[in-house]
């Protein structure tokens, strides 16, 4: 009886331990591996921006000036980078049966991918709430057209395993790993995007960490047009960095949120929009986050302010680097918010910078 009692207690404790640890971690799919030539063998520049859609209200300007038009203003910044990543907040399809349950539903013509490719975009995140706006067919066509254009993608796919498949980029002797996660709830996102759950982040980040020198995670989360960071963002941001990510790039709120310096690593809660061709004037400024890698580690993070007030005659659906007083206003707000999270940014020459250990 005594042995049976001990066995029962042991089983109960094991059950509690398993429950405390959560679900079984997701198994890491076989990564996709590509090789890119670094511009400088001693230093890499990785640039990431937010929500991007080359269509919608920008279409008259695109048809008049070419598919490159929307991102042309950012091309000088992109050309200096070794890798450029954006959040593609739209399915790519020739025909679209749009969702009848969503207030906002988008689609982008395949020809618009020239605007990404020709302006230097290397990889897009698909883990967002608009990836499946055109249903299963749009999901398939998005992946197919991106592959045809040679634009890499993370965070989304035709199956859960494809959505969680990481991208590994070899730059000379430095290996960079990329993952994308979707942080909102809702059935519309399931089975198409890598979900932000403990099982996913533990399995995918934990599995990828030993394979790369630098690991950057894109995550779509937060509340629209709310500058405050919520509890879920902080909890999962900390967890992903504890598991081995070297930097987090967030987007989703359409406006910038603070950066936190956590365990010496950059946790960028939201960079805001990239080139998102809607007419909402609340999204009038954003950031590009640039990570500078030396000796196989991120040594600096630099933020470039972007003016993307689409309806303004100075923008007209073509975001461009902010300068002077406009840049200073954006960066001061961002630096003040980030200081509350331990990130002491220095503002100079229309950028904000933070050296890392």
- prompt: DSSP beta bridges in the chain, what fraction antiparallel, as a percent rounded to 5?
  reply: 50
- prompt: Using the count of nearby Cβ atoms within 10 Å as a rough guide to exposure, how do 284, 153, 65, 220 rank from fewest to most?
  reply: 65, 284, 153, 220
statement: the range 222-357, convex hull of Cα, quarter of hull surface, nm² -> 8.0
statement: Rounded to the nearest 10 degrees, the helix 324-339 long axis (Cα) sits at an angle to the longest Cα principal axis of the chain of 10
task: Among 292, 154, 54, rank each residue by its count of other Cβ atoms within 10 Å, from fewest to most, as a rough exposure measure.
output: 292, 154, 54
query: In nm, what is the difference between 0.36 nm times the number of residues separating residue 239 and residue 328 and their Cα-Cα distance?
result: 28.8 nm
field: Fraction of the pair-distance distribution of the chain above 31 Å, Cα-Cα pairs, percent
entry: 31
- prompt: Could you give the angle, 0 to 90 degrees to the nearest 10, between helix 231-242's Cα long axis and the longest principal axis of the Cα atoms of the chain?
  reply: 70
- prompt: When a footprinting reagent is the concern and you count Cβ atoms within 10 Å, what order do 221, 67, 61 take, fewest first?
  reply: 61, 67, 221
- line: Helix 2-21 sits off the longest principal axis of the Cα atoms of the chain, rounded to the nearest 10 on a 0 to 90 degree scale, by 0
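Bear in mind these aren't lab numbers, they're just calculated from the coordinates by the rules spelled out. What you are looking at is a predicted structure, and each value in this text was computed from that prediction instead of being measured. Cβ: placed from backbone, ideal geometry, glycine included. Neighbour counts: every protein chain shown.
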